Amino acid sequence: MAIRLTASIFVLSSFALTALTISNAFMQKKQFYPSVVYISKSSPSMAVIYLQGMVLVGLVFQVAKFIFFGQLRAAETEHLTERGWYAITETCLAFTVFRDDFSPKFVMQFTLLLFLKCFHWLSEDRVDYMERSPIITVLFHARMMGLVAMLSAVDSYFVSHAYFTTLLRGATVQIVFGFEYAVLMTVVLHVAIKYILHMHDLRNVHPWEGKAVYLLYSELIVSLLRCILYTVFVAVMIRLHTFPLFSIRPFYLTIRAFKKALQDVVMSRRAIHAMNTLFPLATDEEIQQGDSTCIICREEMTAGGGAKKLPCNHIFHAACLRSWFQRQQTCPTCRTDILTPGRSQRAAAEAAAAAAQNGQPPQAAAQPAAQAQAPNPFLPFMPGIPPQFMQQQQPAAGAGGQQPSTSSAASPPPSAHFLPTTPPPFGFMPPPFMMMPPMPLPFPAPPAFTGLTDEEVRTMEGTERRAIEARVNCLRNIGVLLDAAAIQLQQYTSILATISATSQYPERSRAPTAADVDAQPSTASASNAGASAPSTESTTITSTATSTAASSANDSQQTDQLASASTSSDADGNSTLEEIRQRR
């Protein structure tokens with residue numbers, strides 16, 4: 001039957017081994033001093049004593065934890081375990097750096113330092129729990145005040161002890177302990193500030209608006225103090241001893257915490273400034289349309305209470321938003337970032353308002369700018385359409401019919417969306433197979449309606465004559481775009497047919513060479529016969545005419561074959577493309 005090793009069994013076993021070790025020493029030496037010398041010289045006896053010391057430290061820790069904290073919560077236990085492993089690793093690295101000073105006293109000092117670090121971590125978690133707990137008892141206050149007083153006294157004592165020891169004996173390992181306890185003093189200071197702020201908030205009937213600001217700036221100041229301490233510690237250690245490997249991780253975490261605190265201060269100030277200047281006050285109608293309960297404080301909102309409406313149309317108390325923006329700059333309901341998309345939403349709202357005043361849809365105001373910034377669809381080495389030709393086409397299109405101003409503003413020119421089929425007004429135009437297909441234009445971004453009000457949306461909808469005419473013109477433009485796309489597809493098909501025909505009959509696309517000229521024996525023999533025998537002139541003329549007729553018939557036959565190949569390439573486009581790929 002297997003025996004499960006528990007904490008109680010381990011403690012009892014350590015006490016039993018310690019009792020047996022001490023009894024054995026007294027039975028052999030019969031006196032106190034020789035027994036102590038025997039135990040100190042015996043390695044197994046010292047191992048048992050060290051084990052007993054660890055057990056006693058654990059028992060003292062459990063008793064002190066019960067006195068100052070009571071029952072730990074699951075989150076506190078998890079945080080303590082996670083940080084404890086890192087602290088043990090850093091302690092082992094410190095042992096390697098100070099191996100010359102390694103002694104039982106050195107081990108005891110590091111054990112005590114780890115013991116006190118655990119209490120500092122637990123005090124941080126417990127004072128944070130104070131803000132989330134609805135009921136704070138008198139016992140809680142007594143424990144927190146006693147813990148802060150005890151940790152402050154111990155930290156200050158060890159800092160002073162390390163300082164005076166360094167003055168008397170020079171640079172020793174006490175420098176490390178002095179800086180470690182100085183960092184722990186900043187932790188105690190932060191805990192005390194949080195406790196005082198929470199206590200002041202609990203004494204008020206209404207939530208204290210300034211608490212978040214003080215918490216934010218206190219965290220920034222404490223992080224700055226820790227950064228200064230670690231920087232001085234690393235500089236002193238490098239100058240006197242060596243580079244402290246065990247301080248790399250806490251130094252990095254301290255710098256990251258300071259950066260985060262500074263970023264929180266800057267972003268919170270931006271969010272509060274945006275709330276005060278950009279976000280409008282919610283009207284009574286808007287509050288009644290949505291949920292009139294503020295989800296931050298769970299209280300009813302009224303129009304005279306200073307409720308603010310965010311860009312996502314969610315409404316909260318201004319004081320609640322101010323406290324919320326101290327920690328995060330998002331909407332409490334939908335988590336929308338209120339700083340990043342603010343500019344685009346404001347620009348869209350201003351454009352919609354201007355369009356509503358002019359009596360046209362908001363999208364019409366943004367189309368000219370989009371057309372002006374449209375990229376050239378042609379490649380750099382390909383001839384494109386000159387700007388002056390495009391400017392000539394636009395007035396002509398505008399003069400074709402008398403339409404309202406809204407239709408001309410709402411309907412973009414076809415050249416902004418597809419390639420024009422009309423050739424440009426210059427003499428030379430390369431053949432279709434010499435040009436590469438143009439790069440496709442990106443699709444326009446969908447319109448954003450999040451920043452528009454109900455009146456602006458109703459104005460966009462439109463029930464007047466000009467709005468209906470604008471819709472009809474948009475539908476006509478869509479038809480023109482579809483026709484242009486069909487024409488482009490026909491052009492691509494003809495280009496592919498020409499390329500396939502050229503690849504199937506390469507001898508038609510090259511000029512005759514000297515070998516082709518020498519390969520005509522009938523003509524050469526006829527000329528030789530005419531030079532040698534004048535009597536055969538009629539025969540020579542007859543043979544020349546016959547060869548000319550044959551070449552004409554051959555040319556017509558090859559022309560018919562080329563036409564049939566072009567027709568078959570239109571019908572079998574996929575097979576032609578596959579043959580082109582294989583030949584390439």
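Once you list every other residue whose beta carbon is under 14 Å from the beta carbon of CYS297, what net charge do they have if Lys and Arg are +1 and Asp and Glu are -1? Don't skip to the answer; put the middle values down first.
Details: positive: LYS211, ARG298, LYS308, ARG322; negative: ASP201, GLU209, ASP291, GLU299, GLU300.
The answer is -1.
Say R0 is 60 Å: what FRET efficiency, to the nearest 0.05, do HIS241 and ASP284 get from their beta-carbon distance?
Working: r = 70 Å, r/R0 = 1.17.
So the FRET efficiency works out to roughly 0.30.
Which far-off residues, 5 or more places away or on another chain, put their amide H under 5 Å from the one on GLU299, with H placed in the peptide plane?
CYS294
To the nearest 0.05, how large is the calculated FRET efficiency for THR463 and ARG249 if R₀ is 51 Å and r is the Cβ-Cβ distance?
Details: r = 67 Å, r/R0 = 1.32.
The pair THR463/ARG249 has a calculated efficiency of 0.15.
Step through the residues of segment 256-266 one at a time and calculate ³J(HN,Hα) from phi using the Karplus curve (6.51 cos²θ - 1.76 cosθ + 1.60, θ = phi - 60°), rounding each to whole Hz and writing x for Gly and Pro.
5, 5, 5, 5, 5, 5, 5, 5, 5, 5, 5
For PRO250, what is the net charge nearby, where nearby means another residue's Cβ is under 13 Å from its Cβ and Lys, Arg count +1, Asp, Glu -1? Don't skip to the answer; put the middle values down first.
Numbers: positive: ARG83, LYS117, ARG226, ARG249, ARG256; negative: GLU90, GLU180.
So the environment of PRO250 carries a net charge of +3.
Expressed as a whole percent, how much of the Cα-Cα distance distribution for segment 143-274 exceeds 24 Å?
Numbers: 3752 of 8646 pairs.
That tail contains 43 percent of the Cα-Cα pairs.
So which of LYS260/LYS308; LYS29/LYS105; LYS65/LYS117; LYS260/LYS309; LYS30/LYS105; LYS65/LYS211 end up more than 23 Å apart by C-alpha?
On the way: LYS260/LYS308 27 Å; LYS29/LYS105 26 Å; LYS65/LYS117 13 Å; LYS260/LYS309 28 Å; LYS30/LYS105 28 Å; LYS65/LYS211 29 Å.
Correct reply: LYS260/LYS308; LYS29/LYS105; LYS260/LYS309; LYS30/LYS105; LYS65/LYS211.
Along Cα→Cβ, 7 Å out, is where each label goes; now give me the distance between the ones at ARG83 and ILE221 in nm to one decimal.
Each label point is offset 7 Å from its Cα along the Cβ direction, giving 2.2 nm.
log10 I(q)/I(0), Debye, Cα-only segment 69-214, no solvent, q = 0.10, 0.20 Å⁻¹?
Debye intensities relative to I(0), on a log10 scale: -0.43, -1.24.
If you line up the Cα atoms of segment 226-301 on their principal axes, what length do they span on each, largest first, in Å?
Answer, in whole Å and largest first: 71, 24, 12 Å.
Could you tell me what % of all Cα pairs in segment 45-90 have separations over 17 Å? Present the calculation step by step, with values, prior to reporting the outcome.
On the way: 536 of 1035 pairs.
Within segment 45-90, distances greater than 17 Å cover 52 percent of Cα pairs.
Take THR137 and ILE9, extend 7 Å from each Cα along the Cα→Cβ direction, and tell me the distance between the two endpoints in nm.
Going from the THR137 label point to the ILE9 one covers 3.4 nm.
Quick one: Karplus J couplings for segment 480-488, per residue in order, coefficients 6.51, -1.76, 1.60, θ = phi - 60°, nearest Hz, x for Gly and Pro?
4, 4, 5, 4, 5, 5, 5, 5, 4
Quick check: residue separation of THR302 and ARG270 times 0.36 nm, minus the Cα distance between them. What number comes out in nm? Before the final figure, lay out each step's value.
Values: separation 32, 0.36 × 32 = 11.52 nm, distance 2.58 nm.
Taking 0.36 nm per residue and subtracting the Cα distance, the gain is 8.9 nm.
Would you please give the FRET efficiency between THR498 and ASP291, computed as 1/(1 + (r/R0)^6) with r the Cβ-Cβ distance and R0 = 56 Å, to the nearest 0.05? Don't skip to the answer; put the middle values down first.
Working: r = 67 Å, r/R0 = 1.19.
Calculated transfer efficiency: 0.25.
Output wanted: per-residue J couplings in Hz (rounded whole) for segment 113-129, from phi through Karplus 6.51 cos²θ - 1.76 cosθ + 1.60, θ = phi - 60°, x for Gly and Pro.
In residue order, the calculated couplings are 5, 5, 4, 6, 4, 4, 5, 5, 5, 5, 5, 4, 5, 6, 6, 5, 5 Hz.
Using Cβ counts within 10 Å as a stand-in for footprinting exposure, how do ARG226, ARG335, ARG476, ARG132 rank, fewest first? Don't jump to the answer; show the numbers that get you there.
Values: ARG226 22, ARG335 9, ARG476 12, ARG132 6.
Ranking ARG226, ARG335, ARG476, ARG132 by Cβ neighbours within 10 Å, fewest first, gives ARG132, ARG335, ARG476, ARG226.
Projected area of segment 1-105, taken from the Cα convex hull and averaged over every viewing direction, in nm²?
Details: hull surface 41.8 nm².
Average of the hull's projected areas for segment 1-105 equals 10.4 nm².
Treating each Cα of segment 281-332 as an identical point scatterer and ignoring solvent, apply the Debye formula and state log10 I(q)/I(0) at q = 0.19, 0.26, 0.31, 0.32 Å⁻¹.
Debye curve over Cα of segment 281-332, log10 I(q)/I(0) at q = 0.19, 0.26, 0.31, 0.32 Å⁻¹: -0.54, -1.00, -1.37, -1.44.
No lab work stands behind these numbers, since they all come straight from the coordinates. Just so you know, these numbers come straight off a predicted model, no measurement behind them. As a convention, Cβ positions derive from the backbone with ideal geometry for all residues, glycine included, and neighbour counts pool all protein chains shown.
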